[in-house]
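K.L.:
This structure is in structure tokens; I'll ask about it shortly.
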Amino acid sequence: MSDISVIMYHYVRRIKDSRFPEIKGLETALFREQLKFLKKHYNFVTTEEVIDCVYNNYKLPTKSVLLTFDDGYVDHYETVFPILQEFEVQGSFYIPVKAVRDNQMLDVNKIHFILASVLDKKQIIVDIKFLIEKYRFEYNLQDFDYYYKKLAVEWRHDTAEVIFIKRLLQVELAEDVRGKIVDILFEKYLQVNESEFAKELYLSENQVKEMLNGGMHIGCHGYNHFWWNRLKPDELEVEIDLSLNFLTEMGVDISNWTAAYPYGSCSDEVEKLLREKKCRLAFTTEVNVAKTSIESSLVMGRLDTNNIPKNSNELPNDWYRKSC
Ligand SMILES: [Zn+2]
């Protein structure tokens, strides 16, 4: 059994001189540097080789690395795909169907762009306070102070205010009221047509097909980008089936389908359902080197791009020493 370093990416684009310089993502130039670094110290493998390793005892090279890209951003076609082709590396792309096929924004992305559009985050908090009071009885909510006290804690690079907004609108509130509040804020601060914005933000189906034909791996990330571990079994099944239908339409080899859990939302029940549906590999967001045994094939950890040097001359870090 081999270990493998799987790296997770989201936005990869020119950020500083763009319309949204506050978007948290990886600059194109740094992506290139990171690939050079990885090429120097690791061995790139494909998703199909990892499947072969798990199920057919194929031996992966030492220090093997796999690149994964979540959420179906157009960045993955415009920026990532040409660079991967240049480096002759395969990427695996996990695509939420409603974003790509139906031009609907994911709530998580609406939140990113709300935050990136408003300099003074206190302004958003004032709006949220108003909206919580407004919907409090209809949705059986706690009062604003309860949520603020519970969630507003500075963490990593984010201020307490940003963490409060993210946690409240991504995790704490139930899906329906959360969606309502996010929509109101998105409309207020972005003042754009959602579907037009989605067309600019996400891949098109033709781009997905082109990437697949260019040797990239395309995988399941659900239809709605819901937390899978919060869905009832039949709801989860719908999410997965819609996604598998989409992959089939795109031309993906469904006998080797793989998934990335939205928000890393796995649980024993979710894993069991994926196993029943013959999912071959599934990636979490737990920061770790992944094991390649059958038992761990649906709970494979990933490193974030920020865990890996972004300068090709830097020396390998602890994650390198932890991988065999
Ligand atoms: Zn995602």
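Read-outs: derived from the displayed coordinates by stated rules, not from any lab. Here the structure is a predicted model, which means the values were calculated and not measured. Note: ideal-geometry Cβ built from the backbone for every residue, glycine included; neighbour counts use all protein chains shown.
K.L.:
Please list the non-local residues whose amide H lies under 5 Å from the amide H of E286, H modeled 1.01 Å from N, same-chain partners needing a gap of 5 or more.
P.N.:
Here the answer is R302, since their amide H atoms fall under 5 Å of that of E286.
K.L.:
While we're on this one: Just to check I understand the Karplus step: with θ = phi - 60° and J = 6.51 cos²θ - 1.76 cosθ + 1.60, what whole-Hz values come out for segment 278-286, glycine and proline as x?
P.N.:
Once θ is set to phi - 60°, the couplings for segment 278-286 become 6, 5, 8, 9, 9, 9, 9, 10, 5 Hz.
K.L.:
In terms of the Cα gyration tensor, with a ≥ b ≥ c the square roots of its eigenvalues, is the chain rounded because a/c is under 1.5, prolate because a/b exceeds b/c, or oblate?
P.N.:
Cα axes put the chain in the prolate bin.
K.L.:
Pull up all non-local amide H partners of V299: gap of 5 or more, or a different chain, and H-to-H distance under 5 Å with H placed in the peptide plane.
P.N.:
A282
K.L.:
Assuming a viscosity of 1.567 mPa s and a temperature of 4 °C, what translational diffusion coefficient in µm² per second does Stokes-Einstein assign to segment 107-196, Rh being the Kirkwood radius over Cα pairs?
P.N.:
Stokes-Einstein gives a translational diffusion coefficient of 98 µm²/s.
K.L.:
Which is the longest stretch in the chain that no exposed loop site breaks, taking sites as GluC sites (Glu not before Pro) with a DSSP loop state and at most 14 other Cβ atoms within 10 Å?
P.N.:
It works out to 155-285.
K.L.:
Would you work out the relative contact order for segment 165-324, in percent, from Cα pairs under 8 angstrom that are 6 or more residues apart?
P.N.:
14 percent
K.L.:
Non-local amide H neighbours of W257 (under 5 Å, H modeled in plane, Pro and chain starts lacking H): which ones?
P.N.:
R280
K.L.:
At 222 nm, what helix-only mean residue ellipticity would the chain give, in deg cm²/dmol to the nearest 500, using -39500 (n - 2.57) for each DSSP H run of four or more?
P.N.:
Estimated from H runs of four or more residues: -13000 deg cm²/dmol.
K.L.:
While we're here: Once the cut-off is 18 Å, how many percent of the Cα-Cα pairs in segment 173-292 end up in the long-distance tail?
P.N.:
In whole percent, the share of Cα-Cα pairs in segment 173-292 beyond 18 Å is 61.
K.L.:
Provide the per-residue ³J(HN,Hα) series for segment 310-324, in order, calculated from phi with Karplus coefficients 6.51, -1.76, 1.60 and θ = phi - 60°, each as a whole number of Hz, with x at glycine and proline positions.
P.N.:
10, 9, 5, 8, 5, 8, x, 9, 4, 5, 5, 5, 6, 9, 9
K.L.:
Using alpha-carbon positions, what is the distance between the centroids of segment 173-208 and segment 1-64, in Å?
P.N.:
Cα centroid to Cα centroid, the span is 27 Å.
K.L.:
To continue, here is another question. Grab the other residues whose beta carbon is less than 13 angstrom from that of R302, score K and R as +1, D and E as -1, and report the net. Please report the intermediate quantities before stating the final value.
P.N.:
On the way: positive: K291; negative: D3, D70, E286, D304.
Net charge in that neighbourhood comes out at -3.
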